[in-house]
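Heads up: the structure comes next, in structure tokens.
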Amino acid sequence: MDDFNLEFFKKRREIIKTLIISPLISLFYPVHASSGILSSPIGTNRLRPPGAVSEEIFAGKCIRCGRCVEVCPYKSIIQLDIKNGVYAGTPLIIAENIPCYLCMKCVEVCPTGTLRKIKQEETRMGLAVINKHVCVTWKGETICRTCYNVCLFKDKAIRLDELRPVIDEKFCAGCGLCVHGCPVSYKDNLKAINIEPIYSQNGKSE
Ligand code: SF4
Ligand code: SF4
Ligand code: SF4
């Protein structure tokens, strides 16, 4: 066997090992810890797909089949790699790169109920939060209404108040379309509007 093939088979063996072992570890090990291989990938603009069960049980329930990743027509979902420890193989959306377009195809194909079959308007992946110190409209520098224009729930999840965007948590799906559209970036890929996954720990993440 030449070097290339040897390397290929080694890598493949490692990936398969992780994909088999990590769900087992997550079943028997509580995932409250916040460091190293047990550190959840969820955070600002780092979201589970629609309908996700609570983050505490997500890694134990998801079988890493990748069906949600494959079915997404927008390639919004990535499958986490081996560096993510017990979360390797689970799905994640990085809102500023490719947000969720709420087509709801992934919730239909998930075989384990890790993504629950919910309706588009029931989705709560997180909550959009506007940083008024960074948003150019709130700062009075110019009138930008990109976040408002791209939102599927315009005038409900996001409305304009004297031309300034305002979020209503009753309707915001946390899809990240506004984050992706926002032209104002600052440190660590944050935008003037960002999604906080506030529902991910209490089982209301839909
Ligand atoms: S709802 Fe549609 S766009 Fe959003 S992650 Fe699922 S498949 Fe992709
Ligand atoms: S379809 Fe469901 S079980 Fe399969 S990887 Fe996605 S979330 Fe996990
Ligand atoms: S405000 Fe942003 S995150 Fe909330 S529904 Fe509209 S586009 Fe999606």
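Laboratory data are not the source of any read-out in this text; all were calculated from the coordinates shown. As the structure is a computational prediction, the values presented were derived from the model and not from experiment. As a convention, Cβ positions derive from the backbone with ideal geometry for all residues, glycine included, and neighbour counts pool all protein chains shown.
Modelled spin labels at TYR101 and ILE198, positioned 7 Å past Cα toward Cβ, are 2.9 nm from each other.
As a proxy for reagent exposure, ranking THR112, THR123, THR146 by other Cβ atoms within 10 Å from fewest up yields THR112, THR146, THR123. Derived scalar couplings between HN and Hα for region 152-166 equal 6, 10, 3, 6, 10, 5, 9, 9, 9, 10, 6, 6, 9, x, 9 Hz in order, rounded to whole Hz, by the Karplus curve 6.51 cos²θ - 1.76 cosθ + 1.60 (θ = phi - 60°), x for Gly and Pro. Among the trypsin sites (Lys or Arg not before Pro) in region 41-89, those placed in a DSSP loop whose Cβ has at most 16 other Cβ atoms within 10 Å are LYS75.
Using the count of nearby Cβ atoms within 10 Å as a rough guide to exposure, how do TYR101, TYR199, TYR186 rank from fewest to most?
On the way: TYR101 16, TYR199 19, TYR186 11.
Starting with the residue having the fewest Cβ neighbours, the order is TYR186, TYR101, TYR199.
Here ILE118, ILE195 are placed in order of increasing Cβ neighbour count within 10 Å, fewest first, which gives ILE118, ILE195.
Given a Förster distance of 41 angstrom, what is the FRET efficiency for VAL166 paired with LYS117, based on the Cβ-Cβ distance and rounded to 0.05?
0.85
For GLU108 and ARG159, a Förster radius of 35 Å and the Cβ-Cβ distance give a FRET efficiency of 0.70, rounded to the nearest 0.05.
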